[in-house]
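The numbers here are math on the coordinates, done by the rules we state, and not lab data. Given the structure is predicted, the values throughout are model-derived calculations rather than measurements. Here the Cβ positions follow ideal geometry from the backbone for every residue, glycine too, while neighbour counts run over all protein chains shown.
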């Protein structure tokens, strides 16, 4: 029974955010496509682990003082391999997907892949901290899962712009679809690591910085949903003019 509750706690915030994105889709994707994307998102975990091990083999992650090590872990062991893995899976999923026919679909599929990753990561963390799984699960529901959601929204936003763009901006969007999630993810983790390392008043200050950062990050990500919905609406109006 307790195992079922643990998995339920891991799944609840993921399900809420998947539903939120699905609810905003004007031309909803099929449930089958969404489930396929979510379960394929699980593959990002082993890919990210392999990439992280490769990076750690090439770079001395754990050398230096506490701050430098925290930054290297946040970016090179977490943000870079995880976001590369998500983008790779998203590309595999969408490169010949006939259902990817609207701008907003990029966000939908990216969030499903990202939430697939977040769910498996949640389960792994809760089993790792089995004695305190309730408190850990609640913290991850409030912080880590929404963080992965924001990274996915931004990845999907720039992926769609890249996919549908035919001008000079295409190369820029190709860079942004990975760069923006990596920068935000790395900063997110780096601040958290700093809080965990510091047992003085600086930790309190970092906690405030962290919540301000999360607020700004979500404030930056949220309008991207409306942006792509408006682009889709504009395309429909243009098509209607020629009917």
- request: Provide 112, 1, 124 in ascending order of the number of other Cβ atoms located within 10 Å of each residue's Cβ, fewest first.
  value: 1, 124, 112
- prompt: For the residues 153, 182, what sequence is obtained by ranking on other C-beta atoms within 10 Å, fewest first?
  reply: 182, 153
Histogram of C-alpha separations across the range 159-223, 5 Å bin width, %: 4, 16, 19, 17, 14, 11, 8, 6, 4, 2, 0
task: Can you figure out the FRET efficiency of residue 11 with residue 219, using R₀ = 22 Å and their beta-carbon distance, to the nearest 0.05?
output: 0.25
- line: Between residue 2 and residue 42, the FRET efficiency computed from the C-beta separation at R0 = 22 Å comes out, to the nearest 0.05, as 0.45
- request: Classify the range 1-130 as rounded, prolate or oblate from the Cα gyration tensor: take a ≥ b ≥ c as the square roots of its eigenvalues, call it rounded if a/c is under 1.5, otherwise prolate when a/b beats b/c and oblate if not.
  value: oblate
- request: Give the relative contact order (percent, whole number) for the range 29-230; include only Cα pairs under 8 Å separated by 6+ residues.
  value: 25
statement: In terms of the alpha carbon gyration tensor, root eigenvalues a ≥ b ≥ c, rounded if a/c is under 1.5 and otherwise prolate when a/b exceeds b/c or oblate, the range 62-160 is oblate
- request: Among (i) 66, 47, 34; (ii) 70, 48, 30; (iii) 55, 41, 31, find the value of Cα extents along the principal axes in Å that was calculated from the structure presented, and write down its label.
  value: (i)
- request: Rank these for me by crowding, 226, 56, going from fewest to most other beta carbons within 10 Å.
  value: 226, 56
